[in-house]
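Please read the structure below before turning to the comments.
The values are calculated or read from the model by the stated rules, or taken from the named source; none is laboratory data. Predicted model only: the values in this text are computed from it and were never measured. Positions of Cβ are generated from backbone atoms using ideal geometry, with glycine treated the same way; all protein chains shown enter the neighbour counts.
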Amino acid sequence: HDAVDVIRAKRDGKPIPEDALRWLVDAYTRGYVMDAQMAAFAMAVLLNGMSRDEIRVMTEAMIASGERMSFADLGKPTVDKHSTGGVGDKITLPLAPLVAVFGVAVPQLSGRGLGHTGGTLDKLESIPGWRAALSNDELFAQLRDVGAVICAAGSGLAPADKKLYALRDVTGTVEAIPLIASSIMSKKIAEGTDSLVLDVKFGSGAFMQDVDRARELARTMVALGTDSGVATTALLTDMNTPLGLAIGNANEVRESVEVLAGGGPADVVELTVALAREMLALAGRPDADVEAALRDGRAMDVWRAMISAQDGDPDAALPTPRETHTVTAPTSGVITRMDALPFGIAAWRLGAGRARAEDAVIHAAGVDLHVKPGDEVAAGQPVFTLLGDDASRFERALAALEGAWEVGVEAPAHTPLVLERIT
Ligand code: URA
């Protein structure tokens, strides 16, 4: 095979033979195909797309570049959830223990945040002692004994994707739907889950802001999962407004614990319950009463066991910020808008996120909202509080929030949090 032939075929809109595509991914991973060639190929895919078969073969080739895990010996069904990322999206934290209540194993292999969207592992690392890295044996034992695991995805899963994603990041080719779909799904299929629910977000705080493109991504990933033998469904969910009242790390853990205690913000509860129902339906438990498991403490029991199993102390105090700054309503009225992207950027600038992969996050940093769109406020009432260790960061966070929220006279029209279910 010759990389130039494959690039030319995609450039000219011709189908790529299956063996040539498998060869390309393998040779790139081993270093026989140059970055320049793979970048040209990625750009040709961005411009000309890929057929459903090509996307499947691309994904299979990325899976074949690394290890493939199996939970077949576990003796219970496995189901995972993947979110394309958002602002205040802590849903994995209450969701994994909630689903595990019903005897289903949840291997939630997660990542860290980069840019304005937070990472699940960063949030959990605000719990004193908690450990993200588990060996495969530890992962397996915890799935058997506790039922839920949230841990770091090992570097052995889809190494081709790791290399290709870094290349796409610097060549303007991240946005190609076939490449996003094969990137996400190669990791999930290699992980070995029986079934998968995707939370594909649209709106200002989402990776895929446009709803039609988010829908296309969701359909592509559902088809890919199905073609690969992983039962997959997707929910298309609104990310124009931050989820819940907490944006950051420690404050998001606190909010998740409120949900596990039967309380918490309505939107976080709604999405947690909707995703839990989808996951349990795929795992053969469509009648599971998930709301009861939040009310009666069973989900909290699994959470505590899950945190303890990874050396975390579920009763330890979470880090609190050294400095805070509260912004109040200039006039009385109703909150008409809180735009997810600027709130995510503000939390990021306060230190809740990182600019480079090797940076550390500040676990106590972030933004606490006191009200949400639709809530009435009186002049002088707190709207949100910036949290940080360093007051000098507040100015840049406030600059990001300029024009990001509004007090008006008329309540905003209701928009559904879950827009569509894609199967
Ligand atoms: N997340 C991934 O894992 N891969 C992509 O290509 C985009 C988002």
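Key figures for this structure:
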quantity	calculated
All positions within the stretch 132-157 that are within 19 Å of the chain's Cα centre (by Cα) and either charged (D, E, K, R) or more than 26 Å from A360 (Cβ to Cβ) (or both)	A148
Check on D122, acidic (D, E) and within 30 Å of D368 (Cβ to Cβ)	yes
Members of the stretch 161-181 that are within 8 Å of the ligand (Cβ to nearest atom) and of a type outside the set (A, V, I, L, M)	D161, Y165, R168
Residue, farthest from D368 (Cα to Cα), within the stretch 405-423, restricted to residues that are of a type outside the set (K, R) and within 23 Å of the chain's Cα centre (by Cα)	T423
Residues that are surrounded by 20 or more Cβ atoms within 10 Å (Cβ to Cβ), closer than 25 Å to A64 by Cα and modelled with pLDDT under 95, drawn from the stretch 191-243	E191
Residue count, the stretch 382-397 (criterion: surrounded by 15 or more Cβ atoms within 10 Å (Cβ to Cβ) and at pLDDT 95 or above)	9
A317, sole failed condition from (1) assigned by TED's automatic domain parsing to the domain that holds P265; (2) exposed (fewer than 14 other Cβ atoms within 10 Å of the Cβ); (3) under 21 Å from R254 (Cβ atoms); (4) among the aliphatic types (A, V, I, L, M)	(1)
Some residue of the stretch 172-185 being without any contact (Cβ under 8 Å) to a residue 60 or more places away in the chain and surrounded by fewer than 18 Cβ atoms within 10 Å (Cβ to Cβ)	yes
Residue count, the stretch 191-211 (criterion: of a type outside the set (S, T, Y) and more than 12 Å from the ligand (Cβ to nearest atom))	12
Spans of strands (runs of 3 or more DSSP E) in the stretch 246-356 with at least 2 residues touching a residue at least 40 places away in the same chain (Cβ under 8 Å) and touching a Ser or Thr at 6+ places or on another chain (Cβ under 7 Å)	323-328
Test: P373 is surrounded by 13 or more Cβ atoms within 10 Å (Cβ to Cβ), over 25 Å from A214 (Cβ atoms) and at pLDDT 95 or above	no
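Residues checked against (1) assigned to a helix (DSSP H, G or I); (2) in contact with a Phe, Trp or Tyr (Cβ under 9 Å, 6 or more places away or on another chain):
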residue	(1), (2)
A364	no, no
V383	no, yes
L386	no, yes
F394	yes, no
L398	yes, no
